[in-house]
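These notes are about the structure you will find just below.
Any read-out appearing in this document is the output of simple, stated calculations on the displayed coordinates, not a laboratory observation. As the structure is a computational prediction, the values presented were derived from the model and not from experiment. All Cβ positions, glycine included, derive from the backbone under ideal geometry; neighbour counts span all protein chains shown.
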Amino acid sequence: MEVHNFDQDTRVQQARELFDAGLEVPSQWVRDEVMRSWLRSREHGLSPVDQVLRKTLSLNELPYLHDQHRDLLCYVEPEMRNLFRSWGAAGWVFACLEREGRSIKYFGKESLLGTSLSSGLDLSEQVAGTNGPGCALLEHRPSVVCGDEHFLHEFRDLACVAVPIFDPAGMVIGALNATKHYDGRPVGILESVALASRAVENRMVGDLSGAWVLAIHYLPELTGSPMRGLIHFCADGEVLGANPTARQMLELDILEQNGGAVTFRDLFSCSLDEVRRSQRSPIKVACHNGSELFLKAETVPEVSSPVHAQVVLERASATAPSPFFAEVSLRPLFEKARRAFMHRVPMLISGETGTGKEVLARWLHSQGPSPKGAFVAVNCSAIPAGLIESELFGYADGAFTGARRGGAKGKFEEACGGTLFLDEIGDMPVEFQARLLRVLQERTVTRLGEEKTREVCFSLICATHRNLDELMEQGSFRDDLYYRVNGLKVTLPPLREREDLDGLIDHLLAVAASPDRPSILSPEARNLLRNYPWKGNIRELEQALKLGQALANNGVIEVDHLPEAVKANRFTALAPAMTPKSGRLLANAEREAVCAALEKCSDNISAAARELGITRATLYRKIKRFGL
């Protein structure tokens, strides 16, 4: 990065005068990244005389901001304290900013900079114009902005040095910033801030709830340095996360864009057993992108044999939560949900009754930041309105008649250190939604009959079969609660629209069958199951197969062994008898309709299915039947 000096400062000042006057600025007078930011600041409608230093969040809003980024603060505060210990005497003040550009923590003497870095201040480029942390967060790279390079006049006495912080999934989650009064001399703090940022990223990778960590670098002696790449793996070899250095060396982001999980075998030519035998000494390996790196195990699981290691790594290719969600088109969504939930982003799962919302929730919990914690499920539609408060908040000794001696924890407390699953949240009484919102914002609860507040910390998953957008329009669901629980929305398709129905049927048959009594479906029974609408989805299919297995003779499930509702659909599913001529005419007409829809929709299956008024699965079967 170019070093600042007095001659350069003069050119920058002249460049800014030309820019503010709407005149062309010689390219050599100002750095490209600064000019890009000036142009963006102008596009945001900012004026150089705008003032933002005293526009901070209210005291009521700050606790919510800190709670949102509690994990980031735990990692950053020790590094900020070390930086201030080394550089504070030179006048530097340090701040941590979250991904949107708001300051959430600072170290330094307020008398130096007033409130410029106090918690709640928005330093995003859209609000504060060109500045160090705003540019770092937007351009995803270190940024130094000094003096007149700032867009707003009120920042022009400052020097800002900022480095973005990336989470183990490769997403920018904040920035570390150093600021002091600018006197025209070069700033020499960038390397220290960058090392502190790397230390934060490395600790986040190391603290993932996986099984083993590898360090990589082009030079063997640097596999133990702060410059090393770090990758954290599950026990089965799937990548849980990596620091930016490892992502760059292995081009990990490109692999992840293809969807699904990335495994050890996708990255390296060696086996896990070779890593184990190296006893944490660097070994040279070939990588998937053609590069050669030195690899060293920082932690590695015990593997009994090379054969076992191979089996473990092969299991990593299964990217779906379970056979309930084996449809290939859903796997990228589940991987996205897993990565987001790992960083405590709230999940909202929608889908019809019986589509497997709780199954997905339990899988996310097992893959999340606290898999060893409790998974506490609450059915919001099943708790009587009069009991919902005591169920969720708990109560003190003697709070009401019949209360348990000594009181009891509520579901919020039970979920501490784990996951709270609020099922059918759309059915929660409106009067209680405000109470829930307050808990989610403040992360504290007060038991009935007590005044003492108790801190609660849990990951949150909500589920509903109802349309929350419609409920908000009707006033039956609070908008602010919706935006608090909808960090990432995952929609599960109904069974009638799934393309993996045969595989799901076979899986459920295998799960329900006893070892000494396996079951199979007759062709007629399977065809009937394929064409049934399944209003109860997976839950209804499970019960139908259990009944069939109980009634089957010699392990073969016939049509007569299926539930009455399924059998009643046989004449709808199976075409009625007709003459060969009429049958051919109908088939030809059907084929022409399918061809016309595909042509109109440019072979887009989903669009063609909507055009015909049928599901994608049905359309796929017709395409196969007609040989299209």
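From most to least packed by mean Cβ count within 10 Å, the peptides 558-568, 421-431, 454-464 give 454-464, 421-431, 558-568.
Put simply, when 208-219, 38-49 are sorted by average Cβ atoms within 10 angstrom per residue, most first, you get 208-219, 38-49.
Does segment 495-573 come out rounded, prolate or oblate by the C-alpha gyration tensor, with a ≥ b ≥ c the root eigenvalues, rounded set by a/c under 1.5 and, if not, prolate when a/b is larger than b/c and oblate if not?
Numbers: a/c = 1.80, a/b = 1.30, b/c = 1.38.
Note, shape of segment 495-573 comes out oblate.
Mind giving me the FRET efficiency for Lys336 and Lys409? R0 is 30 Å, r the Cβ-Cβ distance, nearest 0.05 is fine. The formula returns an efficiency of 0.35 here. Using the basic label-point model (7 angstrom from Cα toward the beta carbon), what is the Gln14 to Leu547 distance in nanometres? That separation, rounded to one decimal, is 8.8 nm. Residues of segment 28-44 with an amide N closer than 18 Å to a point placed 7 Å from the Cα of His153 along the Cα-to-Cβ direction: 42. For the set Lys105/Lys372; Lys535/Lys567; Lys336/Lys357, the pairs lying more than 23 angstrom apart at their alpha carbons are Lys105/Lys372. In this simple spin-label approximation, Lys600 and Lys55 carry label points 7 Å from Cα along the Cα→Cβ vector, and these lie 5.1 nm apart. Remark on Phe477: its backbone amide H falls under 5 Å from those of Met472, a criterion applied only to residues 5 or more positions apart or on other chains, H modelled at 1.01 Å from N.
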